[in-house]
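J.: One structure coming up, written as structure tokens, with questions to follow.
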Amino acid sequence: MKTFKEIVELLGNKSYSRVELRCNMSIRGNIRDVFVGVFAYDGEAKRIIPLDGDSYSMDMLCEQWNEFETDKGKCLCVYAQEGNW
């Protein structure tokens, strides 16, 4: 498990136009992939830019992550530990 800050450092401190925050939550005994929120990341300023009005921490613990490209640029999907964002 790594913090979001450690993940972006590991990936080279790139900027991401979209970071999807997801969580594998246990709902009624079943694990579900749940969308939690979305933000951008400015690699130069090293800061999170909320896109949905919520607030996010560079210290949130993430269990897994993956990069992907869209027509809008570099994106990242991170899976946060349940209740830790």
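J.: Taking the conditions exactly as written (under 9 Å from the mean Cα position of the chain (by Cα), surrounded by 14 or more Cβ atoms within 10 Å (Cβ to Cβ) and among the hydrophobic types (A, V, I, L, M, F, W, C)), does C77 satisfy them or not? Please lay out each step first, then the result.
T.: Details: under 9 Å from the mean Cα position of the chain (by Cα): yes; surrounded by 14 or more Cβ atoms within 10 Å (Cβ to Cβ): yes; among the hydrophobic types (A, V, I, L, M, F, W, C): yes.
So C77 passes the test.
Results for (1) within 22 Å of G73 (Cβ to Cβ); (2) at pLDDT 95 or above; (3) not hydrophobic (A, V, I, L, M, F, W, C), shown as yes or no for each residue.
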residue	(1), (2), (3)
S15	yes, yes, yes
E20	yes, yes, yes
R28	no, no, yes
D33	no, no, yes
I48	yes, yes, no
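J.: Scan segment 34-69 for residues that are exposed (fewer than 12 other Cβ atoms within 10 Å of the Cβ), in contact (Cβ under 8 Å) with a residue 40 or more places away in the chain and over 19 Å from G12 (Cα atoms) and report the count.
T.: Final tally of qualifying residues: 0.
J.: For segment 19-62, which residues satisfy the criterion of being under 21 Å from T3 (Cβ atoms), charged (D, E, K, R) and either under 10 Å from the mean Cα position of the chain (by Cα) or part of a loop (DSSP other than H, G, I, E, B) (or both)?
T.: Across segment 19-62, the qualifying residues are E20, R22, E44, K46, D52, D54, D59.
J.: Out of segment 23-33, which residues are surrounded by 14 or more Cβ atoms within 10 Å (Cβ to Cβ) and either free of Cβ contacts under 8 Å to residues at least 12 places away in the same chain or over 12 Å from M60 (Cβ atoms) (or both)?
T.: Going residue by residue through segment 23-33, those that are surrounded by 14 or more Cβ atoms within 10 Å (Cβ to Cβ) are 23-24.
N24 - this is the single residue of segment 23-33 that is surrounded by 14 or more Cβ atoms within 10 Å (Cβ to Cβ) and either free of Cβ contacts under 8 Å to residues at least 12 places away in the same chain or over 12 Å from M60 (Cβ atoms) (or both).
The values are calculated or read from the model by the stated rules, or taken from the named source; none is laboratory data. In this text the structure is predicted, and so the values were computed from the model without any measurement. Note that each Cβ is placed from the backbone with ideal geometry, even for glycine, and that neighbours are counted across all protein chains shown.
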